[in-house]
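Q: Quick one: this structure, given as structure tokens, is what I'll be asking you about.
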Amino acid sequence: MTDQTLQSGSASGTAGPRAGWFGRLIYRSETARGYTLLTPALVFLGVAILVPFGILVVMSFWTAEGFGFDTTLTTHNYEQFFERPIYMALLSRTFGISGMVTIATVLLCYPMAYYVAFHVHRNKMFWLVLITLPFWTSYLLRVFAWKVVLGYEGVINSALLSVGLIEAPLEFLLYSKQAVIITLAHAWAAFAILPLYVSLEKIDKSLLEAATDLGDGPVRRFFRITLPLSLPGVISASLLVFIPTTGDYITPALLGGPDGAMIGNLIQKQFGPINNWPMGAALSIILMLCIAAISLIFIMLTLFVRKRIS
Amino acid sequence: MSVESYIRKPNRPLQLYAAIFLITLYLPVLFLPLFSFNDSLYVRFPLESFTVRWYVELFARDAVWNALWNSVRVGVAVALVSTTMGIFAAKAITRYRMPGKGPVVTFIMLPLVVPLIIFGVALLVLMSQLGVPLSLYTVAIGHMIVCLPFSIAVLIPRFEGFDASIEEASADLGENAWWTFWRVTLPMVGPGVLASLMLTFTVSFDEFILAFFLSGTQPTLPMYIWGQLRFPQEFPSVLALSSIIIVVSFVIVFLGQWINRGAISASTSGDAS
């Protein structure tokens, strides 16, 4: 990855003094032309992602000292992570919540994606735009909306109270794990629908007709043709929901309460009120490593499924 | 149509499910405007009388206007820069066969998946080590990381959708690369560019996580809202402000997506892996 960036960087570096030679090279080589066009984006992302990430890794081996840092390299923060059970507990709870969110989101979105792929014939684009629209708009405000809905005196509680179904407000709605799961599943639904839709849309309809002609009913047809063929979409949807939700801290902060806190909240606190940046850096790195490991498993799974399908 | 009717016959339970799904998707957000017109400090049923005083109050606040102006400036800058870089990158990705394209595209699309808190924290650490004070510039850099992949994802299907031989014809007829781009390529991908500008603006305008770590003394609009959430008496005015932001965002995104329709389904296959 980096040497390609360097390569394109050095290619454009020679552009000044020997433009004629460079011009001919550019004209001839597709690769050079392509990478020259990619240079601004790659250089920007390289500098804005790789450099900060490198410094974050270095900082995770420092220790906090008063208001400054002790820059001698030590694995103190990582030892702390394994010694104090709170970190591990928080991390496993985070993955638990994200896992639940992923399962809920994919299960709820699959029928919707199926509907748009197979049963909407006119204005498909309108449906897709409608479904993905909320995803582009403010995440903070969508979480805030759920606070209004689930609150102690919120929409659900006050509506149930005024109808007379309950005597006192339901307390488990807000500041709980459930509230976090509901809100996250709702917030990431659009992200899950697109890969599901794409994989369902790709399915060759003649396979379904063949299955029906050979005597499969709708249920058998679904489990033997549609579901297996859409598994790549299910896996990428799971990945696209699971990974971003592990780092979330707004939803737990607004709706989670003590039971719903996630690792993101602790990372944010290390950079804020606790003011232990090296520990925050170490936690970020640990989170990234876990995500990378899980992604790897998902990718292997995709490759395995793809091989089985084709 | 009628030949394959056994697959195409309407499925009532599924239709019902789709309707409920859409309602659930939009309903929570719609409570914000509903309660913003309610003449009560508390968000609860039954509704009191109708009022616009929370909106009137907002107009008198300098802090809101300052935050709005900050967000607009960051959003416009981010939209212009990331779309410009996105046009070149999308052209390169669709038009040229290059070794290592797969990993490069994966790297570019990474910010769509990696939790933003990681980017926020990493950039914060970089800025503090370099001694760069946090400002709207640092927020804009953070937003560009997120907006660039979105812009590229929006633009790639546009480039895929038109025939490269038109560009070649222009070159054959004597236009140089710059004029070919300006007079042939850009008008052809125009809707995609417009959509990219609108979507990246909205993403930046609404973004909170990166702004939380990277903004200095000048708050963006979401940061201002976050600050107000601590005060219960400010709740109705936060509802009013949120309603305005949500309605404006929905309109911009809808227009952007609609201008660029036909390209949405294709764009998802690119970044899904």
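Q: B:Tyr137 to B:Trp258: FRET efficiency via 1/(1 + (r/R0)^6), r the Cβ-Cβ distance, R0 35 Å, to the nearest 0.05?
A: 0.60
Q: Could I ask something else about it? Show me B:195-204, A:129-138, A:62-71, A:280-289 ranked by packing, highest mean number of other Cβ atoms within 10 Å first. Don't skip to the answer; put the middle values down first.
A: Numbers: B:195-204: 25.5, A:129-138: 20.4, A:62-71: 13.0, A:280-289: 22.9.
Put in order of decreasing packing, that is B:195-204, A:280-289, A:129-138, A:62-71.
Q: A follow-up question, please. Stokes-Einstein at 20 °C, 1.002 mPa s, Kirkwood radius from Cα pairs: D for the protein assembly as shown in µm² s⁻¹?
A: Values: Rh = 25.7 Å.
Rounded to a whole number, D works out at 83 µm²/s.
Q: Can you pull the Rg over Rh of chain A, Cα-only, Kirkwood? Don't skip to the end; give the middle numbers.
A: Working: Rg = 24.9 Å, Rh = 23.5 Å.
Reported Rg/Rh (Cα atoms, Kirkwood Rh): 1.06.
Q: Let me ask something else about it. What does the highest-first list of B:78-88, A:155-165 look like by mean Cβ count within 10 Å?
A: Peptide ranking by packing, descending: B:78-88, A:155-165.
Q: Then there is this: Could you please rank A:Lys205, B:Lys101, placing first whichever residue has the fewest other Cβ atoms within 10 Å of its Cβ?
A: Details: A:Lys205 11, B:Lys101 17.
Listed from fewest to most nearby Cβ atoms, that is A:Lys205, B:Lys101.
Q: Translational D (Stokes-Einstein, µm²/s) of segment A:173-310 at 20 °C and 1.002 mPa s when Rh comes from the Kirkwood sum over C-alpha pairs? Write out the running numbers ahead of the final one.
A: Values: Rh = 17.6 Å.
Roughly 122 µm²/s, to the nearest whole number.
Q: Next question, about the same structure. By a straight-distance test (C-alpha under 26 Å), which lysines pair with A:Lys124 as possible cross-link partners, with residues fewer than eight away in the same chain excluded?
A: A:Lys202, A:Lys205, B:Lys9
Q: Quick check: convex hull of the Cα atoms in segment B:63-271, volume per residue, rounded to a whole Å³? Please report the intermediate quantities before stating the final value.
A: Working: hull volume 29.3 nm³, N = 209.
Taking only Cα atoms, segment B:63-271 has a hull volume of 140 Å³ per residue.
Q: Then there is this: Could you quote the convex hull projected area for segment B:59-160, Cα atoms only and averaged over all directions, in nm²? Intermediate results must be reported in sequence, preceding the final value.
A: Working: hull surface 34.0 nm².
Its average projected convex-hull area is 8.5 nm².
Q: Right, something else. Specify whether the C-alpha gyration tensor of segment B:58-115 places it in the rounded, prolate or oblate class, a ≥ b ≥ c being the square roots of the eigenvalues: rounded for a/c under 1.5, otherwise prolate if a/b is larger than b/c and oblate if not. All intermediate terms of the calculation are to be shown ahead of the outcome.
A: Values: a/c = 6.66, a/b = 2.71, b/c = 2.46.
It is prolate, given that a/c is not under 1.5 and a/b is the larger ratio.
Q: Could you work out [θ]222 nm for chain A from helices alone, using -39500 (n - 2.57) per DSSP H run of at least four and dividing by all its residues? Round to the nearest 500 deg cm²/dmol.
A: Details: 15 runs with 220 residues, N = 310.
The per-residue figure over chain A is -23000 deg cm²/dmol.
Q: Given a Förster radius of 35 Å and the C-beta distance between B:Leu80 and B:Ala19 as r, what FRET efficiency does 1/(1 + (r/R0)^6) yield to the nearest 0.05? Please list the in-between numbers first.
A: On the way: r = 40 Å, r/R0 = 1.13.
FRET efficiency, B:Leu80 to B:Ala19: 0.30.
FYI, it's all coordinate maths here, none of it is from the lab. Note that the coordinates shown come from a computational prediction; the quantities given were computed from them, not determined experimentally. Neighbour counts run over all protein chains shown; Cβ positions are idealised from the backbone, glycine included.
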